[in-house]
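The values are calculated or read from the model by the stated rules, or taken from the named source; none is laboratory data. Everything quoted here is computed from the prediction, not taken from an experiment. Note that we place each Cβ from the backbone using ideal geometry, even for glycine, and neighbour counts take in every protein chain shown. Areas reflect the complete protein model, heavy atoms only, side chains present, ligands, DNA and RNA absent. Shrake-Rupley method; radii C 1.70, N 1.55, O 1.52, S 1.80 Å.
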Amino acid sequence: MLFLTRWRRVFTPTTSVALRLYHMSSPASSVGQSAPKMADKQSLVESFPPPKELLTPLRVPQKTLLGPGPSNASPRVLAASALPLLGHLHPEFLQIMDDVKAGIQYAFQTKNQLTLAVSGTGHAAMEAAVVNMVEPGDVVLVAVHGLWGERCADMCSRNGAEVRTINKPIGQNFTLEDIQKGIEYHKPCMFFICHGESSAGVLQPLDGIGNICHKHDCLLLVDSVASLGGTPLYMDEQGIDILYSGAQKVLGAPPGASPISFSARARGKLARRKQKVPSFYFDMNLLSDYWGVGLQKGEPRKYHHTGPISSVYALREGLAKLAEEGLENCISRHQENALLLHQGLEAMGLELWVKDKAARLPTVTVVRVPEGVNWKDVASYIMNKYSIEISGGLGASAGKAWRIGLMGHNCTRDNVELVLRALKDALQHYGVRIQAKL
Ligand code: PMP
(Lines give C-alpha, C1' and ligand atoms only; values in the text may rest on other atoms or scores of the structure.)
Protein backbone atom coordinates (compact mmCIF):
# COMPACT_ATOMS: atom_id res chain seq x y z
CA MET A 1 0.00 0.00 0.00
CA LEU A 2 1.44 3.35 -1.01
CA PHE A 3 1.37 6.27 1.40
CA LEU A 4 2.90 9.38 -0.09
CA THR A 5 2.76 12.86 1.36
CA ARG A 6 4.50 15.83 -0.29
CA TRP A 7 5.17 19.20 1.24
CA ARG A 8 6.68 22.24 -0.34
CA ARG A 9 7.72 25.49 1.27
CA VAL A 10 6.49 28.65 -0.42
CA PHE A 11 8.23 31.81 0.70
CA THR A 12 6.62 35.21 0.79
CA PRO A 13 8.50 38.37 1.84
CA THR A 14 7.09 38.21 5.35
CA THR A 15 6.17 34.67 6.06
CA SER A 16 7.13 31.23 5.15
CA VAL A 17 4.12 29.06 4.69
CA ALA A 18 4.29 25.38 4.30
CA LEU A 19 1.72 24.19 1.78
CA ARG A 20 0.76 20.63 1.30
CA LEU A 21 0.58 20.29 -2.46
CA TYR A 22 -1.02 16.93 -2.66
CA HIS A 23 -1.65 14.01 -0.51
CA MET A 24 -1.98 10.58 -1.96
CA SER A 25 -3.18 8.15 0.48
CA SER A 26 -4.87 4.76 0.62
CA PRO A 27 -7.97 4.31 -1.60
CA ALA A 28 -10.11 4.83 1.48
CA SER A 29 -8.92 8.41 2.01
CA SER A 30 -11.43 11.11 0.97
CA VAL A 31 -8.95 12.71 -1.49
CA GLY A 32 -7.99 9.37 -3.00
CA GLN A 33 -11.58 8.41 -3.80
CA SER A 34 -12.17 11.03 -6.51
CA ALA A 35 -8.61 11.40 -7.87
CA PRO A 36 -7.52 8.75 -10.42
CA LYS A 37 -5.08 6.23 -9.04
CA MET A 38 -1.47 6.34 -10.25
CA ALA A 39 -2.01 3.18 -12.31
CA ASP A 40 -5.14 4.72 -13.91
CA LYS A 41 -3.29 7.88 -14.82
CA GLN A 42 -0.59 5.76 -16.42
CA SER A 43 -3.10 3.87 -18.55
CA LEU A 44 -4.83 7.14 -19.48
CA VAL A 45 -1.55 8.51 -20.84
CA GLU A 46 -0.88 5.25 -22.66
CA SER A 47 -4.30 5.30 -24.34
CA PHE A 48 -3.69 8.93 -25.47
CA PRO A 49 -0.07 8.95 -26.61
CA PRO A 50 1.67 11.88 -28.37
CA PRO A 51 0.64 11.90 -32.07
CA LYS A 52 3.19 9.96 -34.13
CA GLU A 53 3.04 12.53 -36.93
CA LEU A 54 4.48 15.17 -34.64
CA LEU A 55 7.46 13.01 -33.80
CA THR A 56 8.84 13.28 -37.33
CA PRO A 57 10.51 16.39 -38.77
CA LEU A 58 8.35 19.02 -40.49
CA ARG A 59 8.61 18.65 -44.26
CA VAL A 60 7.56 21.41 -46.62
CA PRO A 61 8.17 20.91 -50.34
CA GLN A 62 9.38 23.75 -52.53
CA LYS A 63 6.64 24.79 -54.97
CA THR A 64 6.28 27.66 -57.38
CA LEU A 65 3.05 29.33 -56.39
CA LEU A 66 1.54 30.73 -59.55
CA GLY A 67 -2.05 30.66 -58.38
CA PRO A 68 -4.00 33.68 -57.11
CA GLY A 69 -2.09 33.68 -53.85
CA PRO A 70 -0.22 33.12 -51.69
CA SER A 71 2.76 33.85 -53.89
CA ASN A 72 6.25 32.71 -52.89
CA ALA A 73 7.93 34.94 -50.36
CA SER A 74 11.45 36.12 -51.19
CA PRO A 75 14.40 34.78 -49.16
CA ARG A 76 14.65 38.21 -47.51
CA VAL A 77 11.04 38.08 -46.33
CA LEU A 78 11.38 34.47 -45.14
CA ALA A 79 14.55 35.34 -43.25
CA ALA A 80 12.72 38.21 -41.54
CA SER A 81 9.98 35.90 -40.30
CA ALA A 82 12.62 33.64 -38.72
CA LEU A 83 14.16 36.46 -36.64
CA PRO A 84 13.91 36.27 -32.83
CA LEU A 85 10.62 37.24 -31.28
CA LEU A 86 10.29 40.56 -29.50
CA GLY A 87 7.63 41.54 -26.99
CA HIS A 88 4.62 43.14 -28.67
CA LEU A 89 5.18 46.39 -26.72
CA HIS A 90 8.98 46.46 -26.83
CA PRO A 91 10.26 49.73 -28.28
CA GLU A 92 12.05 47.89 -31.11
CA PHE A 93 8.81 46.19 -32.13
CA LEU A 94 6.85 49.45 -31.90
CA GLN A 95 9.41 50.94 -34.29
CA ILE A 96 8.83 48.05 -36.72
CA MET A 97 5.08 48.71 -36.48
CA ASP A 98 5.77 52.36 -37.35
CA ASP A 99 7.85 51.21 -40.35
CA VAL A 100 4.95 49.05 -41.48
CA LYS A 101 2.56 51.97 -41.13
CA ALA A 102 4.84 54.19 -43.26
CA GLY A 103 5.17 51.37 -45.82
CA ILE A 104 1.40 50.97 -46.08
CA GLN A 105 0.94 54.74 -46.46
CA TYR A 106 3.41 54.58 -49.35
CA ALA A 107 1.84 51.50 -50.97
CA PHE A 108 -1.65 53.03 -50.63
CA GLN A 109 -0.41 56.54 -51.52
CA THR A 110 -2.16 58.05 -48.52
CA LYS A 111 -1.40 60.41 -45.68
CA ASN A 112 -4.15 58.91 -43.52
CA GLN A 113 -3.10 58.64 -39.90
CA LEU A 114 -5.40 55.70 -39.24
CA THR A 115 -3.31 53.28 -41.28
CA LEU A 116 -2.14 49.96 -39.85
CA ALA A 117 -1.96 46.22 -40.38
CA VAL A 118 -4.85 44.18 -39.02
CA SER A 119 -3.85 40.84 -37.48
CA GLY A 120 -5.28 38.29 -39.87
CA THR A 121 -5.61 37.68 -43.59
CA GLY A 122 -7.41 39.76 -46.22
CA HIS A 123 -10.78 38.62 -44.87
CA ALA A 124 -9.84 40.06 -41.48
CA ALA A 125 -9.18 43.43 -43.10
CA MET A 126 -12.49 43.23 -44.98
CA GLU A 127 -14.26 42.37 -41.73
CA ALA A 128 -12.45 45.20 -39.91
CA ALA A 129 -13.65 47.68 -42.54
CA VAL A 130 -17.22 46.47 -42.27
CA VAL A 131 -17.55 46.18 -38.47
CA ASN A 132 -16.16 49.66 -37.93
CA MET A 133 -18.21 51.38 -40.62
CA VAL A 134 -21.55 49.60 -40.57
CA GLU A 135 -24.31 50.09 -38.01
CA PRO A 136 -27.64 48.27 -38.00
CA GLY A 137 -30.02 49.81 -40.51
CA ASP A 138 -27.30 51.46 -42.61
CA VAL A 139 -27.90 51.15 -46.33
CA VAL A 140 -24.77 49.76 -48.01
CA LEU A 141 -24.47 49.39 -51.77
CA VAL A 142 -22.22 46.58 -52.96
CA ALA A 143 -20.93 46.16 -56.51
CA VAL A 144 -20.97 42.43 -57.27
CA HIS A 145 -18.95 41.22 -60.25
CA GLY A 146 -17.43 38.15 -58.68
CA LEU A 147 -16.91 36.51 -55.33
CA TRP A 148 -15.56 39.44 -53.32
CA GLY A 149 -18.64 41.60 -53.71
CA GLU A 150 -20.71 38.64 -52.54
CA ARG A 151 -18.47 38.20 -49.49
CA CYS A 152 -18.65 41.87 -48.57
CA ALA A 153 -22.46 41.87 -48.96
CA ASP A 154 -22.59 38.88 -46.61
CA MET A 155 -20.40 40.62 -44.00
CA CYS A 156 -22.46 43.83 -44.19
CA SER A 157 -25.73 41.96 -43.72
CA ARG A 158 -24.28 40.06 -40.72
CA ASN A 159 -23.64 43.49 -39.22
CA GLY A 160 -27.26 44.54 -39.66
CA ALA A 161 -26.88 46.63 -42.82
CA GLU A 162 -29.61 46.91 -45.38
CA VAL A 163 -27.60 45.58 -48.31
CA ARG A 164 -28.40 46.59 -51.88
CA THR A 165 -26.36 45.41 -54.86
CA ILE A 166 -25.53 46.40 -58.40
CA ASN A 167 -24.41 43.43 -60.48
CA LYS A 168 -22.37 42.61 -63.56
CA PRO A 169 -21.63 39.22 -65.09
CA ILE A 170 -18.34 37.86 -63.82
CA GLY A 171 -15.53 39.19 -66.02
CA GLN A 172 -17.04 42.63 -66.64
CA ASN A 173 -16.59 45.80 -64.65
CA PHE A 174 -18.81 48.75 -63.79
CA THR A 175 -18.99 52.07 -65.61
CA LEU A 176 -19.19 55.35 -63.72
CA GLU A 177 -22.74 55.63 -65.01
CA ASP A 178 -23.71 52.25 -63.48
CA ILE A 179 -22.28 53.38 -60.17
CA GLN A 180 -23.83 56.83 -60.24
CA LYS A 181 -27.29 55.38 -61.02
CA GLY A 182 -26.91 52.85 -58.19
CA ILE A 183 -25.89 55.46 -55.66
CA GLU A 184 -28.61 57.92 -56.68
CA TYR A 185 -31.25 55.22 -56.51
CA HIS A 186 -30.23 53.44 -53.29
CA LYS A 187 -28.75 56.43 -51.39
CA PRO A 188 -26.27 54.29 -49.42
CA CYS A 189 -23.95 55.57 -46.70
CA MET A 190 -21.19 53.28 -48.01
CA PHE A 191 -20.37 51.81 -51.42
CA PHE A 192 -18.10 48.75 -51.80
CA ILE A 193 -16.18 47.81 -54.90
CA CYS A 194 -13.37 45.32 -55.50
CA HIS A 195 -10.45 46.80 -57.46
CA GLY A 196 -8.89 43.48 -58.52
CA GLU A 197 -11.61 40.82 -58.74
CA SER A 198 -9.38 37.77 -58.48
CA SER A 199 -12.21 35.30 -59.11
CA ALA A 200 -12.64 36.77 -62.59
CA GLY A 201 -9.28 38.41 -63.32
CA VAL A 202 -10.96 41.75 -63.87
CA LEU A 203 -9.60 45.19 -63.01
CA GLN A 204 -12.15 47.80 -61.98
CA PRO A 205 -11.17 51.39 -62.86
CA LEU A 206 -11.52 53.60 -59.79
CA ASP A 207 -11.09 57.15 -61.09
CA GLY A 208 -14.18 59.25 -60.50
CA ILE A 209 -15.98 56.86 -58.12
CA GLY A 210 -14.82 58.78 -55.03
CA ASN A 211 -16.31 62.02 -56.38
CA ILE A 212 -19.65 60.41 -57.09
CA CYS A 213 -19.74 58.85 -53.61
CA HIS A 214 -18.80 62.05 -51.81
CA LYS A 215 -21.30 64.15 -53.74
CA HIS A 216 -23.94 61.83 -52.31
CA ASP A 217 -22.54 61.72 -48.78
CA CYS A 218 -21.42 58.13 -49.19
CA LEU A 219 -18.14 56.49 -48.17
CA LEU A 220 -16.09 54.52 -50.68
CA LEU A 221 -14.74 51.14 -49.50
CA VAL A 222 -12.28 49.37 -51.84
CA ASP A 223 -10.77 45.86 -51.75
CA SER A 224 -7.22 45.89 -53.14
CA VAL A 225 -6.08 42.47 -51.88
CA ALA A 226 -5.25 41.24 -55.38
CA SER A 227 -4.40 44.55 -57.04
CA LEU A 228 -2.12 46.50 -54.68
CA GLY A 229 1.33 47.01 -56.19
CA GLY A 230 0.35 45.43 -59.50
CA THR A 231 -1.74 48.23 -60.92
CA PRO A 232 -2.03 51.98 -60.18
CA LEU A 233 -3.95 52.79 -56.99
CA TYR A 234 -3.93 56.18 -55.27
CA MET A 235 -6.03 56.21 -52.13
CA ASP A 236 -6.05 59.97 -51.44
CA GLU A 237 -6.14 61.06 -55.06
CA GLN A 238 -8.98 58.67 -55.89
CA GLY A 239 -11.02 59.63 -52.84
CA ILE A 240 -11.08 56.17 -51.31
CA ASP A 241 -12.30 56.26 -47.71
CA ILE A 242 -11.46 52.76 -46.58
CA LEU A 243 -8.87 50.66 -48.39
CA TYR A 244 -7.58 47.25 -47.40
CA SER A 245 -5.24 44.67 -48.86
CA GLY A 246 -3.38 41.46 -48.06
CA ALA A 247 0.23 40.50 -47.43
CA GLN A 248 0.57 37.35 -49.53
CA LYS A 249 0.15 38.70 -53.05
CA VAL A 250 2.33 41.46 -54.53
CA LEU A 251 3.84 42.26 -51.12
CA GLY A 252 5.15 38.69 -51.09
CA ALA A 253 4.85 38.16 -47.33
CA PRO A 254 3.12 35.28 -45.55
CA PRO A 255 -0.60 35.79 -44.93
CA GLY A 256 -1.31 37.07 -41.42
CA ALA A 257 -1.04 40.87 -41.24
CA SER A 258 -3.19 42.90 -43.62
CA PRO A 259 -2.92 46.60 -44.52
CA ILE A 260 -5.90 48.87 -43.94
CA SER A 261 -6.43 52.63 -43.92
CA PHE A 262 -9.31 55.01 -43.06
CA SER A 263 -9.77 58.55 -44.38
CA ALA A 264 -10.81 61.49 -42.18
CA ARG A 265 -14.36 61.05 -43.55
CA ALA A 266 -14.38 57.39 -42.52
CA ARG A 267 -13.02 58.30 -39.08
CA GLY A 268 -15.89 60.79 -38.77
CA LYS A 269 -18.39 57.97 -39.28
CA LEU A 270 -16.54 55.87 -36.72
CA ALA A 271 -16.67 58.74 -34.20
CA ARG A 272 -20.41 59.28 -34.78
CA ARG A 273 -21.36 55.64 -34.19
CA LYS A 274 -24.38 55.26 -31.92
CA GLN A 275 -23.31 51.75 -30.94
CA LYS A 276 -19.96 50.32 -29.94
CA VAL A 277 -18.03 48.54 -32.70
CA PRO A 278 -19.41 45.00 -32.28
CA SER A 279 -15.97 43.38 -32.55
CA PHE A 280 -13.43 43.98 -29.80
CA TYR A 281 -10.61 42.51 -31.89
CA PHE A 282 -11.17 44.79 -34.89
CA ASP A 283 -12.28 47.96 -33.07
CA MET A 284 -10.23 50.69 -34.74
CA ASN A 285 -10.53 52.93 -31.67
CA LEU A 286 -8.68 50.30 -29.64
CA LEU A 287 -6.28 49.34 -32.42
CA SER A 288 -5.36 53.03 -32.80
CA ASP A 289 -4.04 53.04 -29.25
CA TYR A 290 -1.92 49.96 -29.97
CA TRP A 291 -0.60 51.34 -33.28
CA GLY A 292 0.02 54.79 -31.79
CA VAL A 293 -2.47 56.59 -34.03
CA GLY A 294 -3.19 60.03 -32.59
CA LEU A 295 -0.96 59.49 -29.56
CA GLN A 296 1.50 62.21 -28.58
CA LYS A 297 5.19 61.37 -28.90
CA GLY A 298 6.24 59.40 -25.82
CA GLU A 299 2.64 58.60 -24.84
CA PRO A 300 2.56 54.87 -24.08
CA ARG A 301 0.94 52.45 -26.50
CA LYS A 302 -1.85 50.38 -25.03
CA TYR A 303 -1.94 46.61 -25.08
CA HIS A 304 -4.86 45.42 -27.17
CA HIS A 305 -3.75 42.00 -28.35
CA THR A 306 -0.41 40.31 -28.98
CA GLY A 307 0.55 41.42 -32.47
CA PRO A 308 1.61 38.58 -34.82
CA ILE A 309 5.27 39.51 -34.37
CA SER A 310 6.84 37.37 -37.12
CA SER A 311 4.14 38.27 -39.64
CA VAL A 312 4.74 41.95 -38.94
CA TYR A 313 8.50 41.52 -39.54
CA ALA A 314 7.75 39.78 -42.82
CA LEU A 315 5.26 42.43 -43.91
CA ARG A 316 7.81 45.11 -43.04
CA GLU A 317 10.30 43.49 -45.39
CA GLY A 318 7.70 43.01 -48.14
CA LEU A 319 6.91 46.72 -47.90
CA ALA A 320 10.62 47.57 -47.77
CA LYS A 321 11.16 45.68 -51.03
CA LEU A 322 8.34 47.66 -52.58
CA ALA A 323 9.86 50.92 -51.36
CA GLU A 324 13.28 49.96 -52.76
CA GLU A 325 11.93 48.93 -56.16
CA GLY A 326 9.59 51.92 -56.26
CA LEU A 327 5.83 51.61 -56.65
CA GLU A 328 5.83 52.71 -60.31
CA ASN A 329 8.53 50.18 -61.25
CA CYS A 330 6.74 47.41 -59.40
CA ILE A 331 3.50 48.21 -61.22
CA SER A 332 5.26 48.28 -64.62
CA ARG A 333 6.92 44.92 -63.93
CA HIS A 334 3.51 43.39 -63.21
CA GLN A 335 1.90 44.96 -66.26
CA GLU A 336 4.72 43.89 -68.61
CA ASN A 337 4.85 40.29 -67.43
CA ALA A 338 1.05 40.00 -67.46
CA LEU A 339 1.05 41.18 -71.07
CA LEU A 340 3.63 38.52 -72.01
CA LEU A 341 1.52 35.89 -70.29
CA HIS A 342 -1.69 37.02 -72.00
CA GLN A 343 0.02 37.03 -75.41
CA GLY A 344 1.51 33.57 -74.79
CA LEU A 345 -1.84 32.11 -73.72
CA GLU A 346 -3.67 33.58 -76.70
CA ALA A 347 -0.91 32.36 -79.03
CA MET A 348 -1.63 28.86 -77.77
CA GLY A 349 -5.25 29.29 -78.82
CA LEU A 350 -6.54 29.73 -75.27
CA GLU A 351 -9.24 32.23 -74.41
CA LEU A 352 -8.95 34.73 -71.57
CA TRP A 353 -12.00 35.19 -69.39
CA VAL A 354 -11.88 38.99 -69.65
CA LYS A 355 -12.39 40.10 -73.24
CA ASP A 356 -11.61 43.80 -72.81
CA LYS A 357 -7.79 44.04 -72.69
CA ALA A 358 -7.89 47.21 -70.59
CA ALA A 359 -9.99 45.42 -67.97
CA ARG A 360 -7.54 42.57 -67.42
CA LEU A 361 -6.03 42.36 -63.96
CA PRO A 362 -2.23 42.11 -64.27
CA THR A 363 -1.77 40.05 -61.12
CA VAL A 364 -4.31 37.25 -61.71
CA THR A 365 -5.16 35.97 -65.18
CA VAL A 366 -8.25 33.85 -65.69
CA VAL A 367 -8.13 31.43 -68.63
CA ARG A 368 -11.12 29.50 -69.95
CA VAL A 369 -10.71 25.72 -69.87
CA PRO A 370 -11.14 24.39 -73.43
CA GLU A 371 -14.11 22.18 -74.19
CA GLY A 372 -13.54 18.54 -73.17
CA VAL A 373 -10.62 19.28 -70.82
CA ASN A 374 -10.82 18.74 -67.08
CA TRP A 375 -9.22 21.71 -65.34
CA LYS A 376 -8.15 19.65 -62.37
CA ASP A 377 -6.29 17.03 -64.45
CA VAL A 378 -4.24 19.79 -66.05
CA ALA A 379 -3.52 21.57 -62.78
CA SER A 380 -2.51 18.28 -61.13
CA TYR A 381 -0.26 17.35 -64.06
CA ILE A 382 1.52 20.70 -63.77
CA MET A 383 1.87 20.32 -60.04
CA ASN A 384 3.18 16.75 -60.23
CA LYS A 385 5.62 17.33 -63.07
CA TYR A 386 6.77 20.91 -62.46
CA SER A 387 5.80 21.61 -58.82
CA ILE A 388 3.94 24.66 -60.09
CA GLU A 389 0.60 25.69 -58.67
CA ILE A 390 -2.02 27.05 -61.00
CA SER A 391 -5.53 27.19 -59.54
CA GLY A 392 -9.03 26.52 -60.69
CA GLY A 393 -11.77 29.12 -60.95
CA LEU A 394 -13.64 30.54 -57.96
CA GLY A 395 -17.32 31.37 -57.56
CA ALA A 396 -18.88 31.66 -61.02
CA SER A 397 -15.60 30.69 -62.75
CA ALA A 398 -15.27 27.45 -60.71
CA GLY A 399 -14.74 24.41 -62.94
CA LYS A 400 -14.58 26.59 -66.06
CA ALA A 401 -11.25 28.36 -65.69
CA TRP A 402 -7.70 28.32 -64.47
CA ARG A 403 -6.31 31.23 -62.50
CA ILE A 404 -2.65 32.05 -62.99
CA GLY A 405 -1.02 34.54 -60.65
CA LEU A 406 2.16 36.52 -61.27
CA MET A 407 2.73 38.47 -58.11
CA GLY A 408 5.57 40.06 -56.19
CA HIS A 409 8.74 37.96 -56.09
CA ASN A 410 7.15 35.50 -58.55
CA CYS A 411 6.38 38.08 -61.19
CA THR A 412 9.29 37.40 -63.55
CA ARG A 413 9.75 36.74 -67.26
CA ASP A 414 11.24 33.33 -66.38
CA ASN A 415 8.07 32.35 -64.56
CA VAL A 416 5.93 33.48 -67.50
CA GLU A 417 7.92 31.21 -69.81
CA LEU A 418 7.88 28.38 -67.29
CA VAL A 419 4.12 28.38 -66.76
CA LEU A 420 3.42 28.66 -70.51
CA ARG A 421 5.68 25.69 -71.21
CA ALA A 422 4.10 23.65 -68.41
CA LEU A 423 0.58 24.46 -69.57
CA LYS A 424 1.39 23.60 -73.19
CA ASP A 425 2.88 20.28 -72.11
CA ALA A 426 -0.15 19.47 -69.93
CA LEU A 427 -2.68 20.33 -72.62
CA GLN A 428 -0.82 18.23 -75.20
CA HIS A 429 -0.69 15.40 -72.69
CA TYR A 430 -4.50 15.53 -72.51
CA GLY A 431 -4.88 15.60 -76.29
CA VAL A 432 -5.35 19.30 -76.98
CA ARG A 433 -3.70 20.43 -80.24
CA ILE A 434 -1.55 23.52 -79.74
CA GLN A 435 -0.48 25.34 -82.88
CA ALA A 436 1.77 28.05 -81.54
CA LYS A 437 5.47 27.61 -80.94
CA LEU A 438 6.44 29.00 -77.58
N1 PMP B 1 -10.19 39.96 -51.68
C2 PMP B 1 -9.58 39.51 -52.80
C3 PMP B 1 -9.71 40.30 -54.06
C4 PMP B 1 -8.82 38.35 -52.77
O5 PMP B 1 -8.22 37.93 -53.88
C6 PMP B 1 -8.70 37.64 -51.56
C7 PMP B 1 -7.86 36.38 -51.46
N8 PMP B 1 -7.89 35.55 -52.51
C9 PMP B 1 -9.37 38.13 -50.43
C10 PMP B 1 -10.09 39.30 -50.52
C11 PMP B 1 -9.33 37.40 -49.12
O12 PMP B 1 -8.06 37.34 -48.61
P13 PMP B 1 -7.56 36.15 -47.63
O14 PMP B 1 -7.73 34.87 -48.37
O15 PMP B 1 -6.15 36.54 -47.38
O16 PMP B 1 -8.40 36.21 -46.42
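So here's what we get for this one:
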{"read-out": "Cross-link table 111/355; 355/385; 111/249, entries beyond 25 Å C-alpha to C-alpha", "value": "111/355; 355/385"}
{"read-out": "Residues of type aspartates and glutamates that residue 187 reaches as a straight line, Cα spacing below 18 Å, ignoring anything fewer than 8 places off in the same chain", "value": "135, 138, 162, 177, 178, 217, 241"}
{"read-out": "Area of residue 90 that stays accessible when all protein chains are in place (1.4 Å probe, Å², to 10)", "value": "90"}
{"read-out": "Neighbour count of at most 10 Cβ within 10 Å plus DSSP loop: longest trypsin sites (Lys or Arg not before Pro)-free window in the chain", "value": "60-271"}
{"read-out": "Shape category assigned to segment 118-178 from the gyration tensor of Cα positions, a/c cut at 1.5", "value": "oblate"}
{"read-out": "The chain - accessible surface per residue (Å², probe 1.4 Å)", "value": "50"}
{"read-out": "Whole-percent carbon and sulfur share, accessible surface of the chain, 1.4 Å", "value": "55"}
{"read-out": "Heavy atoms of residue 309: accessible area, 1.4 Å probe, square angstrom to 10", "value": "20"}
{"read-out": "Karplus 3J(HN,Hα) series, Hz, for segment 356-364 with 6.51 cos²θ - 1.76 cosθ + 1.60 (x for Gly, Pro)", "value": "6, 4, 5, 9, 7, 6, x, 7, 10"}
{"read-out": "Built amide H within the under 5 Å cut-off of residue 166, gap 5+", "value": "142, 143, 144"}
{"read-out": "Antiparallel bridges, percent of DSSP beta bridges restricted to the chain (to nearest 5)", "value": "60"}
{"read-out": "Built amide H within the under 5 Å cut-off of residue 360, gap 5+", "value": "203"}
{"read-out": "Karplus-derived HN-Hα couplings along segment 202-216 (A = 6.51, B = -1.76, C = 1.60, θ = phi - 60°), whole Hz, x at Gly and Pro", "value": "10, 9, 8, x, 10, 4, x, 5, x, 4, 4, 4, 5, 4, 10"}
{"read-out": "Dipole axis of segment 51-185 (+1 Lys, Arg; -1 Asp, Glu on Cβ), positive-most option in 113, 155, 55", "value": "55"}
{"read-out": "Residue of 364, 131, 373 that the Gaussian network model of the chain assigns the largest fluctuation, springs spanning Cα pairs under 10 Å", "value": "373"}
{"read-out": "Rounded to the nearest 10 Å², the accessible area of residue 233 at probe 1.4 Å", "value": "10"}
